[in-house]
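> Got a structure for you, written out below as structure tokens; questions coming shortly.
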Amino acid sequence: SYAFDDSGHKATKEFLIHDGLLMRGLGGLESQSRLNLPGVANFRSSSWNRAPIDRMANINLEPGTSKLEDMIASVERGVFMQANKSWSIDDYRNKFQFGCEYGKLIENGKLTKTVKNPNYRGTTVKFWNNLKAVSEVRETFGSPFCGKGEPNQVIRVGHTNPYCLFGNVEVFGA
């Protein structure tokens with residue numbers, strides 16, 4: 001974590017989305033003026049000789065009320081994925097693809113066979129509109145780094161999230 005971003009804004013807990021409404025953008029002063037919404041303190045650089053850019057910060061999902069066992073039991077056919085290992089997001093933050101190291105098939109509400117290297121892809125709005133359930137348990141998921149920029153800058157981030165159940169997601173490669 002950090003107390004201030006590289007533009008001097010104090011880092012505080014803020015909701016980006018609350019009750020399905022966009023409350024704040026994930027960007028510095030220039031992005032805030034384009035979006036016409038307040039942002040968060042995430043304008044950071046990886047070193048003294050790199051310009052600060054809008055970054056991932058410590059982005060988290062709040063826990064829900066579902067039990068993981070009930071979420072799995074509700075799935076007829078799907079994949080329970082763990083251990084994110086790769087990601088690709090277009091410049092507009094619309095199309096994405098994520099790869100995981102490990103997964104288990106879900107068949108008729110039960111975890112069955114192990115799946116190696118499962119992947120999923122989609123578009124942002126459709127993906128989040130297909131969120132079906134959020135667990136009451138928090139785990140640490142995701143990448144500990146945000147990499148972007150030219151030349152590339154890598155910076156530490158933190159994500160603590162509950163398990164999520166999504167429907168209508170394109171899964172491939174396993």
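> What are the residues in the stretch 1-50 that are without any contact (Cβ under 8 Å) to a residue 24 or more places away in the chain and within 20 Å of F145 (Cα to Cα), if any?
Selection gives A3, K13, G25, W48, N49.
> State all residues of the stretch 98-119 that are surrounded by 13 or more Cβ atoms within 10 Å (Cβ to Cβ) and either more than 21 Å from A73 (Cβ to Cβ) or β-branched (V, I, T) (or both); if no residue qualifies, say none. Write out each step before concluding.
Step one: filter the stretch 98-119 for residues surrounded by 13 or more Cβ atoms within 10 Å (Cβ to Cβ), giving 98-107, 109, 111, 115, 117-119.
Within the stretch 98-119, F98, G99, C100, E101, I106, V115, N117, N119 qualify.
> Looking only at the stretch 1-21, which residues are of a type in the set (A, V, I, L, M, F, W, C) and either loosely packed, with under 13 Cβ neighbours inside 10 Å or part of a strand (DSSP E or B) (or both)?
A3, F4, F15, I17, L21
> Another question, if that's okay. Taking the conditions exactly as written (in a loop (DSSP other than H, G, I, E, B), of a type outside the set (V, I, T) and at positive phi), does R24 satisfy them or not?
Details: in a loop (DSSP other than H, G, I, E, B): yes; of a type outside the set (V, I, T): yes; at positive phi: no.
No.
> Given the structure, is V79 in contact (Cβ under 8 Å) with a residue 60 or more places away in the chain, surrounded by 12 or more Cβ atoms within 10 Å (Cβ to Cβ) and farther than 22 Å from K148 by Cβ? Break it down into steps so the answer makes sense when it comes.
Working: in contact (Cβ under 8 Å) with a residue 60 or more places away in the chain: yes; surrounded by 12 or more Cβ atoms within 10 Å (Cβ to Cβ): yes; farther than 22 Å from K148 by Cβ: yes.
For V79, the condition - in contact (Cβ under 8 Å) with a residue 60 or more places away in the chain, surrounded by 12 or more Cβ atoms within 10 Å (Cβ to Cβ) and farther than 22 Å from K148 by Cβ - is met.
> Return yes or no: is V75 in the same structural domain as Y120 (by TED's automatic domain parsing), in a loop (DSSP other than H, G, I, E, B) and farther than 26 Å from Q153 by Cβ? Working first, answer last.
On the way: in the same structural domain as Y120 (by TED's automatic domain parsing): yes; in a loop (DSSP other than H, G, I, E, B): yes; farther than 26 Å from Q153 by Cβ: yes.
Here the answer is yes, as V75 does meet what is asked.
> Next up: Kindly establish whether N94 is free of Cβ contacts under 8 Å to residues at least 12 places away in the same chain, surrounded by 12 or more Cβ atoms within 10 Å (Cβ to Cβ) and outside the structural domain of G25 (by TED's automatic domain parsing). Don't jump to the end; show me each part of the working.
Details: free of Cβ contacts under 8 Å to residues at least 12 places away in the same chain: no; surrounded by 12 or more Cβ atoms within 10 Å (Cβ to Cβ): yes; outside the structural domain of G25 (by TED's automatic domain parsing): yes.
So N94 fails the test.
The values are calculated or read from the model by the stated rules, or taken from the named source; none is laboratory data. Computed from a prediction, not measured in an experiment: that's the story for all the values here. Glycine gets a Cβ as well: all are built from the backbone with ideal geometry, and neighbour counts include every protein chain shown.
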